[in-house]
Amino acid sequence: MKRATFAVISGVAVALLSTYPMFGEPATGKPVLIGAHLDEAKQASYYSLLQKDSINLFVKDFNAAGGIDGRPVQVLFEDDENNPVTTVTKIDKFASAGVDYIVSIGSSATGLATQARAGELKIPHGAPANLAEQLTTDPPKRYYFRVPLRGKYELGAVAQYMHKKYGAPKIAVVRDTTQTGLVISDQWVKDLKNDGFNIVALEQITPGSTEASSQALRVKDAGADVVIVVGASIPDLANYIKAHKLFENPAPLIGNSLFTSGGFLKLAGTAAEGFVYPDAVDPSRPEIQEIDAKLVKAYGDQLKNQAVALQAWEYMRLVCDAIRRGGGDDREKIRDAMEATKDFPIALGPPGMTLTYSPANHDLFTGPDQVVLREVRNGEFGPGLHWR
Amino acid sequence: MTLASMVQVLLSGLQIGSIYALLALSYYVIIIATGILNFAQGEWMMVSGVLGVTLLSVGLPYPIAFCGGIVGATVLAIAAERFIIAPLQQRQASEAITLLALFGVMLVVRYGTGAIHGRLDEPLQGPAGNHVFRLGANVFVFSQSLVIYGATVAIFAGVVLWMRFTWLGSSLRITAIDPLAARLVGVNLNTVRTVAFALGGLIAAIVAWLYAPLFAVGYLTGAIPGIKGFIALFVGGMASPFGALVGGLLLGVLEVGAARYLPSIYAEGIAFALLMVILFLRPNGLIAPRRAR
């Protein structure tokens, strides 16, 4: 009886093992290690975790398809607690573990800490979604590579759009009190003034308030032709947008790229209709639709149409390709391979966009013409606008 | 400064001010009975909202989600008192240690909720829906605002009457005046402490259903209203529940008024500067204890 049971179990095991290759040739052997630091629980966590999910699914798919020349990719995640000092200790931990590459999926502040420390340790690194302009220097940091929108191109695209559509509009800027909101709005106001725009109002939403009628009425009184809404506290900014519409202010609303958070559409409701914002992603691209479908299948609607998750996916694809081209394990060769990336087909930006790095450029986006502008339509983040 | 504009400022100021006032009241009932400043009040509010959203998302009827959220958060408040504060008090821990423990509770609840529930802010349907009543071209009031005004009056009246006409409420007041004397006349201070934490938690839990429909529910939702409620209590004074009411409403109207009539980038700073002047002139708050006058 025991022999019979053993025979049955062995038969089933052999049958299962023999059918496994039908699902692909999975990667085996010594794993290629990649470190990723993220904010697990604090203010940056909502976009950190979206990227983490995307990276995990990408790695699962990638390894199932053979990994890097047959070696599996393994990502070591560390919580940076949204704290630059903690981040530095995590980078040292990655270095000790022997990672080939470090990916920053926390806030820009922790990304800057990574840039400094990983640069000292000569570990190639970068970010799929860190926006801070300071991350790009001239010449670029030797070991740092990224794919997100850059603040100045984001604003550049918005400025081009406003000139084209409204001529020389009077502009009101509405912001929240998050550090992101203050930094971005200061930069945008300065750049818009330099670009010849007339800023007629700068208003700030009281954090945690139940509505923003005071700010909406001040903007209406100022007679702005266009209202720019910037920041990272979506509930505060959604309250402004609702008040703006309630007071029947006809001025169109334009935001920054952080509005792609899924929560915005739910919180602003019908007031979000017509809201225009810059993005790194054009959902009308078939490649984006394919990745999006995989993410939604694995994680549900919370990952649907999330730009940062799509950026993380594409960044990992780029990093794995560079590690393969660099032969794996030699950080300097991987860095060189990353910098030598030329005409890499990437699903970010407008259709047909490719990525080319060089010693003078470690950014995907190199001008406002590559920025996608999208509009909220029928309660959804719409496809890229054709306005140029 | 038109009449319509002033009416809107008043309506909006009273709306957010009521939220601050109710949270101040939730601090008040604990602090007078125990001397403990419970940092976690904003978190009970957040937990109530998050539980409500979760229960609604699994298809439970609104009244069950409403009750479930409030009961769940209140039970958590009682548990924090029973399992953390009570043992510390029995071991005669210093005030600083108790405060530190409550600070820890606040962080664990806040970030624990974030880890379990997720970090995205979500809307919470209000008990009266999302209707808007236009009172003029530039004046409006939400149906939820009317719920807020009504609930504020009802809760304050309920707490005042409870403290005046019930044995437990009277025990709370007597303990506030003189804990030693209260014990001599048979008041069980442990029971009073538990009741105070439960009542404070209950009020904060109810506030979630007033506040969140006009803002959002997320793991950080309790942070700012929690701080503002605390400030409102100290501005209004701790002589009676009316201190919490006056402090909250004043803070709300000042905030909204400053944002309307001054550049809003300075509004919060100006509102707080005014509050500091008030505290300088009346260090015990606007409604000061009789002996301090």
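Coordinate-derived values only; no laboratory data. The model shown is predicted, which means the values in this text are computed figures rather than measured ones. Glycine also receives a Cβ, built like all others from the backbone with ideal geometry; neighbour counts cover every protein chain displayed.
Before moving on, here are some points about what is shown:
- Sequence-distant residues sharing a close amide H with A:ILE68 (under 5 Å, placed H): A:VAL73
- Residue-count net charge about B:LEU275 - beta-carbon cut-off 15 Å; Lys, Arg +1, Asp, Glu -1: 0
- Lys/Arg +1, Asp/Glu -1 at C-beta; segment B:18-292 dipole; positive extreme among B:ILE116, B:TYR62, B:ALA232: B:ALA232
- Peptide A:236-248, shielding by other chains (average Cβ, 10 Å cutoff): 2
- For chain A, the longest principal axis of the alpha carbon atoms and the long axis of helix A:108-120 meet at an angle near 50°.
- The H on the amide N of B:VAL217, modeled in the peptide plane, is under 5 Å from the matching H of B:GLU122, B:LEU124, each at least 5 residues off or on a different chain.
- Computed magnitude of the charge dipole of the protein assembly as shown (debye, nearest 20; Cβ of K, R +1, Cβ of D, E -1): 1460 debye
- For B:LYS228, the aspartates and glutamates whose Cα comes closer than 18 Å to its Cα, not counting residues fewer than 8 places off in the same chain, are A:ASP176, A:GLU211, A:ASP236, B:GLU43, B:GLU255, B:GLU268.
- Structural descriptor for segment B:18-292: relative contact order 35 percent, calculated from alpha carbon pairs under 8 angstrom and at least 6 residues apart.
- Leading residue at positive end of dipole, chain A (Cβ point charges), from A:ILE199, A:ALA322, A:ALA109: A:ALA322
- Tensor-based shape of segment A:198-265 (alpha-carbon gyration tensor, a/c under 1.5 rounded, otherwise prolate or oblate): prolate
- Computed about its Cα centre, the charge dipole of chain A is approximately 480 debye, with only Lys, Arg, Asp and Glu carrying charge at their Cβ.
- 5 angstrom amide H check on A:GLY382, placed H, neighbours 5+ away: A:GLU375, A:VAL376, A:ARG377
- Whole-Hz ³J(HN,Hα) from phi, Karplus 6.51 cos²θ - 1.76 cosθ + 1.60, for segment A:347-364, glycine and proline x: 7, 8, x, x, x, x, 5, 10, 10, 9, 9, 7, x, 9, 8, 10, 10, 6
- Using only side-chain charges placed at the Cβ, +1 for Lys and Arg and -1 for Asp and Glu, the dipole size of segment B:18-292 relative to its Cα centre rounds to 520 debye.
- Residue-wise HN-Hα coupling along segment B:185-194, computed from phi with Karplus coefficients 6.51, -1.76, 1.60 (Hz; x: Gly, Pro): 8, x, 7, 7, 5, 5, 5, 4, 5, 4
- Among A:SER104, A:SER233, B:SER12, a tally of other beta-carbon atoms within 10 Å of each Cβ gives an order, fewest to most, of A:SER233, B:SER12, A:SER104.
- Proximal charge balance of A:LYS90 [Cβ under 15 Å; K/R count +1, D/E count -1]: -4
- Above-threshold pairs, the threshold being 26 Å between Cα atoms, out of A:LYS122/A:LYS294; A:LYS60/A:LYS90; A:LYS93/A:LYS122; A:LYS52/A:LYS304; A:LYS30/A:LYS342; A:LYS190/A:LYS220: A:LYS122/A:LYS294; A:LYS30/A:LYS342
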